[in-house]
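Report on one structure; see the data block that follows.
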Amino acid sequence: MDQITPLVLVPGLASSARIYAPVIPALWRFGPVMVANHIRDDSMAAIAARVLREAPPRFALAGHSMGGYIALEIMRQAPERVAKLALINTQARPDTPEATARRLGLMERARRGELRAVREESFPELVHPSRRDDADILKLVHAQDEDVGVEGYLRQQTAIIARVDSRPTLATITCPTLVLTGDTDNTIPNALSKEMAEGIAGARLVVLDRCGHLPQPEQPEATVRALTEWLAS
């Protein structure tokens, strides 16, 4: 039991612990599982520092989407504490001016009380085309909106806009790394996941079939398989 490595999971933008619910039972068999709270700070550095304060001394780390940005910041701040790294439907690049302008517009709508509408409008791009009428996943998205709240969403977007370019530090990552993505991710194209995998020595790239930006609820069995193989390696 002393050899068990705790696992820290970091959700994405406007996501909560619920996003990992389909996969946690299988991952829990490998040891303790913690889902980081990433809604209390408005910079990647501060979010990562808080996760590190609340995390076990050494752990495996998995970040989904925005959670991947946080994970890469954790790798800059305390790489010695991370035993294994999984980057799920994420990227290493900074925000583009176009993406920032879009985020600012979404933030203004959220301030006007339109967060639920914003998330519903974006839903078709979040999932594989075959899931666009999936009421259960849409219900999950809206439940997470409530978990995060408007202020949490605004802090998250602020942090995302100001994030640094992580590509130059990919080569410094030496722990076993999984890069997981979907074949039809219209939010963060899998070409950017492939770019990360190529930049990290020895990284394993897994592309899930018939999957968009939300692999945990879209393809839970395949996601579990990839993550458990990573944990067991």
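A few notes on this one:
- Residue count, segment 191-201 (criterion: under 17 Å from T96 (Cβ atoms) and either open to solvent by 60 Å² or more (accessible area, probe 1.4 Å) or over 16 Å from the mean Cα position of the chain (by Cα) (or both)): 2
- The C-beta contact set for segment 40-54 (first residue aliphatic (A, V, I, L, M), second residue open to solvent by 30 Å² or more (accessible area, probe 1.4 Å) and in a helix (DSSP H, G or I), distance under 6 angstrom, 6+ apart or interchain) comprises A48/Q77.
- Flag if A83 is in contact with a strand residue (DSSP E or B) (Cβ under 6 Å, 6 or more places away or on another chain) and farther than 21 Å from N186 by Cα: yes
- Members of segment 79-126 that are on the phi > 0 side of the Ramachandran plot and buried (at least 18 other Cβ atoms within 10 Å of the Cβ): N89
- Residue count for segment 1-54, restricted to those that are more than 15 Å from I70 (Cα to Cα) and not hydrophobic (A, V, I, L, M, F, W, C): 11
Table: residues versus (1) open to solvent by less than 20 Å² (accessible area, probe 1.4 Å); (2) in contact (Cβ under 8 Å) with a residue 40 or more places away in the chain.
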| site | (1), (2) |
| --- | --- |
| R132 | no, no |
| Y153 | yes, yes |
| A162 | no, yes |
| P189 | no, no |
| C211 | yes, yes |
| E218 | yes, yes |
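- Test result for M75, modelled with pLDDT of 95 or more, buried (at least 21 other Cβ atoms within 10 Å of the Cβ) and either of a type in the set (A, V, I, L, M, F, W, C) or within 18 Å of the chain's Cα centre (by Cα) (or both): yes
- Conditions (1) in contact with a Leu (Cβ under 8 Å, 6 or more places away or on another chain); (2) open to solvent by 30 Å² or more (accessible area, probe 1.4 Å); (3) touching a residue at least 60 places away in the same chain (Cβ under 8 Å); number of the one not met by R204: (3)
The rows are residues; the columns are (1) under 17 Å from the mean Cα position of the chain (by Cα); (2) part of a helix (DSSP H, G or I); (3) touching a residue at least 12 places away in the same chain (Cβ under 8 Å).
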position	(1), (2), (3)
P94	yes, no, yes
T100	no, yes, yes
G113	no, no, yes
K139	no, yes, no
V148	yes, yes, yes
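- In the set P220, P168, only one residue is farther than 19 Å from V10 by Cα and of a type outside the set (D, E); that residue is P168.
- Residue tally, condition of a type in the set (V, I, T) and either closer than 20 Å to A17 by Cα or at pLDDT below 95 (or both), over segment 190-233: 3
- Residue match in segment 167-178 (condition: among the polar types (S, T, N, Q), open to solvent by less than 50 Å² (accessible area, probe 1.4 Å) and more than 17 Å from the chain's Cα centre (by Cα)): yes
- Some residue of segment 37-60 being open to solvent by 30 Å² or more (accessible area, probe 1.4 Å), of a type in the set (A, V, I, L, M) and assigned to a loop (DSSP other than H, G, I, E, B): yes
The values are calculated or read from the model by the stated rules, or taken from the named source; none is laboratory data. Not measured: the values here are computed from a predicted model. Cβ atoms come from the backbone with ideal geometry, glycine included; neighbour counts cover every protein chain shown. Surface areas here come from the heavy atoms of the whole protein model, side chains and all, with no ligands, DNA or RNA. Shrake-Rupley method; radii C 1.70, N 1.55, O 1.52, S 1.80 Å.
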